[in-house]
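The values are calculated or read from the model by the stated rules, or taken from the named source; none is laboratory data. This structure is a prediction, so every number in the text was calculated from the model and none was measured. Counting neighbours? That spans all protein chains shown, and the Cβs are built from the backbone with ideal geometry, glycine included. In case anyone asks, the SASA skips ligands and DNA or RNA and just uses the protein heavy atoms, side chains included. Shrake-Rupley method; radii C 1.70, N 1.55, O 1.52, S 1.80 Å.
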Amino acid sequence: MKNFQFESLPGRVLFGAGTLTEVSAELQALGARKALVIATADLAELAREVGALLGDLCAGIHAQAVQHIPYETVTEALSRVQSLDVDSLVAVGGGSSIGLAKAIALETSLPILAIPTTYAGSEMTPIWGITQNGVKKTGKNLIVKPKSVIYDSKLTVTLPVRLSVTSGMNAIAHCAEGLYAENANPIISLLAEDGIRALRASLPQICSNPNDEDARSEAQYGTWLGGTVLGSVGMALHHKLCHVLGGSYNLPHAETHTVVLPYAIWYNAGHAPEAMKALARALGSDVSDVAGSIYDLLKSMDAPTSLAEIGMKEKDLDAAAKLATQNPYYNPRPIDEKSIRQLLEYAYNGQRPV
Ligand code: NAD
């Protein structure tokens, strides 16, 4: 076995259908007494429900989070935090709600209780991101990692099927890249493989029946593992491409992860044999056709498979390839602009990777 380092990150998880009812006790266990509940505008009603469960512990609702955390939304939320003099943040929703809470925590060190309702996995990571003047700055700081997470699968039943699938593929992408991370280790690889297995099994069931509580629960379990992988080891080409495509061409986060994944895996396949074996086991696919089997899975769930269909312009492919190869970063297969341009073209056209 190769030498490795392993560091477990602090945090508490409450998992299971109906666990939202524990929110008040969970907040008090953090020593908090006065929380601001944060959500996106379309989850305002859920935020109010959480506020009602918190009762006197809720100082206010701030349902104004938006994707990619524009700087202006952070300053607005910070003034709300100051005027209400809160001692904690309760983030309800996906990566956007949790991301706004993290941006506030970065400034204030307030503890976060996260109640995720998508499969993005931000709740398990110390990674924050803020967009200013069109540029998304990201960083890592343990202070922003939620102190406590409530995974209540009942809250995910309203997540539309298309978003469930694409968000679930986002979680699979965290697991897949964790398997060939520069600092991969056997503990995180176990989590990654089981995360892929759980999501591979549950996402098609959610497509057939979005109200399937067991499938929702299993997808959330895979999400937890995916978030843990993302928070624990480094990511590679796939995440870099998605960061460039989302940040510079404003492509939707989860859909971009969905479309790019088969191509990133195809690109790396010959350079990460152990990761491909784990992926094949978890996906139930042939080890020589892991990328193709992810593509087939997407097709079977009516998920997007080309960058063209999610808003990428062909004229931007050259610049995207340049941006994605500008700063050297770890990837099992070396990166060069010509090869990445070719990968992006395949992904743009949506042809099955072989
Ligand atoms: P999101 O939070 O933007 O949610 C997408 C939409 O779905 C929103 O309109 C939201 O209100 C709605 N929604 C969420 N849950 C719902 C539910 N249960 N029912 C109905 N509607 C629901 O999307 P996301 O994919 O979860 O997060 C994307 C953002 O998170 C990106 O900005 C990404 O960069 C960030 N992210 C950060 C990390 C990290 O570790 N820091 C990890 C993953 C993603």
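Data table
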quantity: Count of region 221-251 residues which are more than 19 Å from Met124 (Cβ to Cβ) and of a type outside the set (A, V, I, L, M); calculated: 6
quantity: Any hit, region 267-277, residues being open to solvent by less than 30 Å² (accessible area, probe 1.4 Å), among the aromatic types (Phe, Trp, Tyr), under 22 Å from Ile188 (Cβ atoms) and assigned by TED's automatic domain parsing to the domain that holds Leu190; calculated: yes
quantity: Residue within region 166-175 that is more than 12 Å from the ligand (Cβ to nearest atom), touching a helix residue (DSSP H, G or I) at 6+ places or on another chain (Cβ under 8 Å) and at pLDDT 95 or above present; calculated: yes
quantity: Residue satisfying condition, being touching a strand residue (DSSP E or B) at 6+ places or on another chain (Cβ under 8 Å) and among the hydroxyl-bearing types (Ser, Thr, Tyr), within set Tyr221, Tyr249; calculated: Tyr221
quantity: Glu193 being within 24 Å of His243 (Cα to Cα), open to solvent by 70 Å² or more (accessible area, probe 1.4 Å), away from the ligand (no atom under 13 Å from the Cβ) and among the charged types (D, E, K, R); calculated: no
quantity: Selected residue (criterion: nearest to the chain's Cα centre (by Cα)) from residues of region 152-163 that are buried (at least 21 other Cβ atoms within 10 Å of the Cβ) and within 9 Å of the ligand (Cβ to nearest atom); calculated: Thr156
quantity: Given (1) modelled with pLDDT of 95 or more; (2) touching a helix residue (DSSP H, G or I) at 6+ places or on another chain (Cβ under 9 Å), index of the condition Gln132 fails; calculated: (1)
quantity: Among (1) under 22 Å from the mean Cα position of the chain (by Cα); (2) open to solvent by 70 Å² or more (accessible area, probe 1.4 Å) - the single one Lys315 does not satisfy; calculated: (1)
quantity: Number of the exception - Val244 against (1) modelled with pLDDT under 95; (2) in contact with a Ser or Thr (Cβ under 8 Å, 6 or more places away or on another chain); (3) among the β-branched types (Val, Ile, Thr); calculated: (2)
quantity: Residue that is surrounded by the most Cβ atoms within 10 Å (Cβ to Cβ) [pool: residues in region 200-232 that are of a type in the set (A, V, I, L, M) and more than 14 Å from the chain's Cα centre (by Cα)]; calculated: Leu203
quantity: Matching residues, region 17-30, being open to solvent by 30 Å² or more (accessible area, probe 1.4 Å) and either free of Cβ contacts under 8 Å to residues at least 12 places away in the same chain or within 16 Å of the ligand (Cβ to nearest atom) (or both); calculated: Ala17, Ala25
quantity: Residues that are touching a Pro at 6+ places or on another chain (Cβ under 9 Å) and either within 7 Å of the ligand (Cβ to nearest atom) or not assigned by TED's automatic domain parsing to the domain that holds Gln28 (or both), drawn from region 107-124; calculated: Ser122
quantity: Conditions (1) more than 16 Å from the ligand (Cβ to nearest atom); (2) in a strand (DSSP E or B); (3) buried (at least 22 other Cβ atoms within 10 Å of the Cβ): number failed by Leu14; calculated: (3)
